[in-house]
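Trainee: Sharing a structure below in structure tokens format, with a few things to ask.
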Amino acid sequence: FQGFWDALRNMDPAGLQETGQASTDARTHFKVCRFIMEAGVKLGLRSIPVATACTIYHRFFTEVPLEPYDPYLVAMAALYLAGKVEEQHLRTRDIINVSHRYLHPQSDPLELDTHFWELRDSIVQCELLMLRVLCFRVSFQHPHKYLLHYLLSLKHWMNRHSWDRTPVAVAAWALLRDSYHGSLCLRHAPQHIAVTVLYLALQCYGVEVPADAEAERPWWQVFSEDLSKSIIDQIVLDLIRIYALDAEVS
């Protein structure tokens, strides 16, 4: 997405920079959420349970500091809990094996020894801790259903050939998935996130919505009446921060 980097270069660097511990924590959370997503794929999780796992992880670390906890253990517990919440149950054994292979790619598979059972107990205990810290509020409304509805509606507005030759839908889904690397899902309404990733995908490919210039209000406000351009700009900035982190940790 060259448009991201063009926007990044034109922005005030002070607006993108975080200092000291905040920046270190953000990089850690980015890497751990990447682990959640990749482990989720290997475990066969659908996109909603993966999004729920990331949201549980981010919510937990808004309530507690990072330092006393192993973030990867929290991530494993978040995957286990998200599977229950979204009714796609996972076995702790599978989570442990996939996580072990991800974190220690050159090592042998874990034996069913004392270490394995201690790790399994740690995941279960961490899950209980997370439930208490989050006051058992672990069900979330995600942007996915809104984005699907908006894409279907916009497809009917657009010129068919213009829509077919540009991967706007693919880009929008990719942006939504990547947004879970940060805590954006906690700060903005799911409808606003869905509209903004669609807005940004259209901007990246230079696709214009027909008759938008002549309309009484912009197309994105038709989808979400309480959305403003300033909110869109803030969400876009948060997304750009995530891609800037990606460049730092890669």
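Trainee: Accessible area of residue 127, 1.4 Å probe, to the nearest 10 Å²?
Mentor: Taking all protein chains as shown, residue 127 has close to 10 Å².
Trainee: Quick one: with all protein chains in place, what share of the accessible area of region 11-165 is carbon or sulfur, to the nearest percent (1.4 Å probe)?
Mentor: Working: 4460 of 8770 Å².
Ligands and nucleic acids excluded, carbon and sulfur give 51 percent.
Trainee: Please say if region 64-106 is rounded, prolate or oblate, where rounded means a/c under 1.5 for a ≥ b ≥ c the square roots of the C-alpha gyration tensor eigenvalues, and otherwise the choice is prolate for a/b larger than b/c and oblate otherwise?
Mentor: Since a/c reaches 1.5 but b/c is at least a/b, the shape of region 64-106 is classed as oblate.
Trainee: Ok, one more. At 1.4 Å probe size, with no ligands or nucleic acids counted, give the accessible surface of residue 204 in Å², nearest ten.
Mentor: Counting only protein heavy atoms, the figure is 40 Å².
Trainee: Could you report the chain's accessible area per residue, 1.4 Å probe, as an integer in Å²?
Mentor: Heavy-atom accessible area per residue stands at 53 Å².
Trainee: Sticking with this structure for a sec: If I take R0 = 22 Å and measure r between the Cβ atoms of residue 103 and residue 124 in this structure, what FRET efficiency does the formula 1/(1 + (r/R0)^6) give, to the nearest 0.05?
Mentor: 0.70
Trainee: Let me check something: with ligands and nucleic acids excluded, how do 72, 243 order by accessible area (1.4 Å probe), largest to smallest?
Mentor: 72, 243
Trainee: So, one more: Any chance you could check the Cα centroid distance between region 58-104 and region 179-200 for me, in angstrom?
Mentor: 22
Trainee: May I pose another question? Given axes a ≥ b ≥ c from the Cα gyration tensor, I'd like to know whether region 20-146 is rounded (a/c under 1.5), prolate (a/b larger than b/c) or oblate.
Mentor: The shape class here is rounded.
Trainee: Compute the Cα gyration tensor for region 77-158, then decide on rounded, prolate or oblate, letting a ≥ b ≥ c be the square roots of its eigenvalues: rounded whenever a/c is under 1.5, prolate when a/b is larger than b/c in the other cases, and oblate in all that remain.
Mentor: Because a/c hits 1.5 or more and a/b fails to exceed b/c, region 77-158 counts as oblate.
Trainee: How do 122, 99 stack up against each other in accessible area, from largest to smallest, with a 1.4 angstrom probe? Write down the numbers at each step before the final one.
Mentor: Details: 122 45, 99 5 Å².
Solvent-accessible surface, decreasing: 122, 99.
Trainee: From the helices alone, meaning DSSP H stretches of at least four residues, give me the mean residue ellipticity at 222 nm for the chain, per-run term -39500 (n - 2.57), in deg cm²/dmol to the nearest 500.
Mentor: -22500 deg cm²/dmol
Trainee: Considering the values (1) -0.56, -0.84, -1.02, -1.29; (2) -0.44, -0.76, -0.98, -1.30; (3) -0.51, -0.79, -1.00, -1.33, which represents log10 I(q)/I(0) by the Debye sum over Cα atoms at q = 0.09, 0.12, 0.14, 0.17 Å⁻¹ as calculated for the structure under consideration?
Mentor: (2)
Trainee: Let me ask something else about it. What figure in square angstrom, to the nearest 10, would you give for the accessible area of residue 121 with a 1.4 Å probe?
Mentor: Residue 121 exposes around 80 Å² with every protein chain in place.
Trainee: Moving on. Please work out the FRET efficiency for the pair residue 135 and residue 94, using the Cβ-Cβ distance as r and a Förster radius of 25 Å; give the result to the nearest 0.05.
Mentor: In this case the efficiency is close to 0.35.
Trainee: By the scheme Lys and Arg +1, Asp and Glu -1, what is the net charge of all other residues having a beta-carbon under 13 Å from that of residue 71?
Mentor: Residues near residue 71 contribute 0 overall.
Trainee: Take each complete run of DSSP H in the chain, measure how far its Cα atoms stretch along the helix's own axis, and keep only those covering 18 Å or more with mean Kyte-Doolittle hydropathy at least -0.5; list them.
Mentor: Result, helices passing both filters: 20-42, 47-63, 71-85, 114-133, 144-157, 190-204, 229-249.
Trainee: Calculated FRET efficiency, residue 46 and residue 246, Cβ-Cβ r, R0 25 Å, to nearest 0.05?
Mentor: 0.60
The values are calculated or read from the model by the stated rules, or taken from the named source; none is laboratory data. Just so we're clear, the structure is a prediction, and the values are computed from it rather than from any experiment. Don't worry about glycine lacking a Cβ; one is built from the backbone with ideal geometry, like all the others, and counts go over all protein chains shown. These area figures cover heavy atoms from the full protein model, side chains too; ligands, DNA and RNA do not enter into them. Shrake-Rupley method; radii C 1.70, N 1.55, O 1.52, S 1.80 Å.
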